[in-house]
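The values are calculated or read from the model by the stated rules, or taken from the named source; none is laboratory data. In this text the structure is predicted, and so the values were computed from the model without any measurement. As a convention, Cβ positions derive from the backbone with ideal geometry for all residues, glycine included, and neighbour counts pool all protein chains shown.
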Amino acid sequence: MMFTPKRAVAVVGLAAAALVATACSGGTSEPAGSGDAAAPSGGTITIAAPLALTGSAGSVGLEVRNGAELAIEEINAAGGIGGRELVLNAQDTAGDPAQAVQVVSSMSRDADTIALLGPLLTPEVAAVYNSIAETGIVMIPPASLGAIPGVEGGEFNDWTFRVNQPLQYVATPLIVKAIEETDAKKVTVLGLSDNPTNKEIADWWEEGAKGAGVEVQRIDFPNATTDFSAIATSIAPDSDVIAFSTLPSHTASLTALLRQSGHKAQFLGETAMLSHEVWDNSGGATLGAFAYSPFLPDANDRAKAFTEAFTEKYDLPPSLFSALGYESIYLIAEAADENVTRDSLREGLSTLSGFEGVTGTLGYDGSGDVLRGEIPFVHIIDGGGVEKIGEIVPENAG
């Protein structure tokens, strides 16, 4: 059976269930860059994955890669795209923007590569943002959620399609929801002083909390910090909510220290809080933490089938980041035509709407940030999974 583009047939799990999601297509203007006019020349189609597989975000990159590999296995089992198999070429950027530039430049020169799954972190995405438009290759950053410097109002270039829910549209609703749930009077916001993305997220949370009329303590520290004891002891003991705009390694260490010291505050995080690394390395200290997650294992039939297949393959449940890697590959397959080129893929993604995926119903209005409706407001349950306890509405809700 051949995978049919424009009709995303997911062969998922042991039952190999066929699940159909339609997408509406229309005309689009020509992009500023120019992709390859010809289809990939070889017998396979390559999706390049410049991901942080080591470093402070390495666990997230590995989770994305695992989800992407499962999706490619399923699509190839169904016949590939136009009869050609997909190949994932994953290379490590270590989360370093300079290394991301080198890796992306090399990958983009391969004529058989039709898209980039990555980079992972927003500073890396910013570093390659202009070059991918000049080269003319689709970039799907699977985890990036911060603002891109120089991109105003979500007006991205024609080649960039983010799939994670951008925090700039949910930051204020998220922290206001946490304050309402806890009747908080004081909030501590943690950020990274030398990471523009995490610093900006912390800014949004600080502004949102102040707007809700609560007292705010703000603490920033460098990304290279490894001893968190001074930071933990400097957090106000009467804080009702502690909001983490930090990377998984920081969050794991700090949440463990805070619980060991007896701090009872409600933890709040963005999607990095949901990484398996945070749960495992904190010793379960994030139990009950608030976050938001476009992915819930039992949200719909596709999510259930994906969860079953992923758990069977890797012997652990999927995280949000595994789901985003998986979703990204199916978005590519859905948007591709049988003679897929970089240009035709860009056009297909730019007009995609109503795609029923494992992270909800989504699409794009041109390029840029994904459009979704309401986003689950969740807390972390025993074992590191999540449970929906409410909803928040993004400011760019589709």
Which of the residues that make up the stretch 351-371 are modelled with pLDDT under 90, surrounded by fewer than 20 Cβ atoms within 10 Å (Cβ to Cβ) and at negative phi?
Asp365, Leu371
For the stretch 270-286, does any single residue satisfy the condition of being closer than 24 Å to Tyr169 by Cβ, out of contact with any Leu (no Cβ under 8 Å at 6 or more places or on another chain) and outside any loop (DSSP other than H, G, I, E, B)?
yes
Which members of the stretch 180-203 meet the condition of being out of contact with any Pro (no Cβ under 9 Å at 6 or more places or on another chain) and modelled with pLDDT under 95?
Asn198, Lys199, Glu200, Ile201
I'm trying to understand the selection: among the residues of the stretch 226-249, which are farther than 18 Å from Ala289 by Cα and surrounded by 17 or more Cβ atoms within 10 Å (Cβ to Cβ)?
Phe228, Ile231
Only unsatisfied item for Leu192, checking (1) surrounded by fewer than 19 Cβ atoms within 10 Å (Cβ to Cβ); (2) closer than 25 Å to Phe321 by Cα; (3) of a type outside the set (Phe, Trp, Tyr), is (1)
Just for the stretch 130-173: of the residues that are in contact with a helix residue (DSSP H, G or I) (Cβ under 6 Å, 6 or more places away or on another chain) and β-branched (Val, Ile, Thr), which one is surrounded by the fewest Cβ atoms within 10 Å (Cβ to Cβ)?
Thr172
When residues of the stretch 308-329 are filtered for being surrounded by fewer than 24 Cβ atoms within 10 Å (Cβ to Cβ) and under 20 Å from Asn89 (Cα atoms), how many remain?
2
Mind listing whichever residues of the stretch 288-311 are of a type in the set (S, T, N, Q) and in contact with a Leu (Cβ under 6 Å, 6 or more places away or on another chain)?
Ser293
In the stretch 212-264, how many are in contact with a Lys or Arg (Cβ under 7 Å, 6 or more places away or on another chain) and assigned to a loop (DSSP other than H, G, I, E, B)?
5
Given (1) out of contact with any strand residue (DSSP E or B) (no Cβ under 8 Å at 6 or more places or on another chain); (2) of a type in the set (Ser, Thr, Tyr); (3) under 22 Å from Thr122 (Cα atoms), identify the lone condition not met by Ser245.
(1)
Subset of the stretch 376-398, residues among the β-branched types (Val, Ile, Thr) and modelled with pLDDT of 90 or more, comes to Val378, Ile380, Ile381, Val386, Ile389, Ile392
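Of all residues in the stretch 336-377, how many are in contact with a helix residue (DSSP H, G or I) (Cβ under 7 Å, 6 or more places away or on another chain), within 27 Å of Arg109 (Cα to Cα) and of a type in the set (Ser, Thr, Tyr)?
To start, the set of residues in the stretch 336-377 that are in contact with a helix residue (DSSP H, G or I) (Cβ under 7 Å, 6 or more places away or on another chain) comprises 336-337, 345, 348-349, 352, 355-359, 364, 366-367, 377.
With the extra rule that they be within 27 Å of Arg109 (Cα to Cα), the set shrinks to 336-337, 345, 348-349, 352, 364, 366-367.
Going one step further and asking which of them are of a type in the set (Ser, Thr, Tyr), we end up with 364, 367.
Going through the stretch 336-377 one residue at a time, the tally reaches 2.
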Is it true that some residue in the stretch 105-126 is crowded, with 19+ Cβ neighbours inside 10 Å, free of Cβ contacts under 8 Å to residues at least 60 places away in the same chain and in contact with a strand residue (DSSP E or B) (Cβ under 6 Å, 6 or more places away or on another chain)?
yes
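What number of residues within the stretch 312-327 are acidic (Asp, Glu) and in contact with a strand residue (DSSP E or B) (Cβ under 9 Å, 6 or more places away or on another chain)?
1
Give Ala335, Ala289, Ala305 a once-over and let me know the one that is crowded, with 21+ Cβ neighbours inside 10 Å and outside the structural domain of Ala90 (by TED's automatic domain parsing).
Working: Ala335 fails: outside the structural domain of Ala90 (by TED's automatic domain parsing); Ala305 fails: outside the structural domain of Ala90 (by TED's automatic domain parsing).
Going through Ala335, Ala289, Ala305 in turn, the sole match is Ala289.
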Sole residue being touching a strand residue (DSSP E or B) at 6+ places or on another chain (Cβ under 7 Å) and either closer than 22 Å to Thr54 by Cβ or among the acidic types (Asp, Glu) (or both), chosen from Thr251, Thr286
Thr251
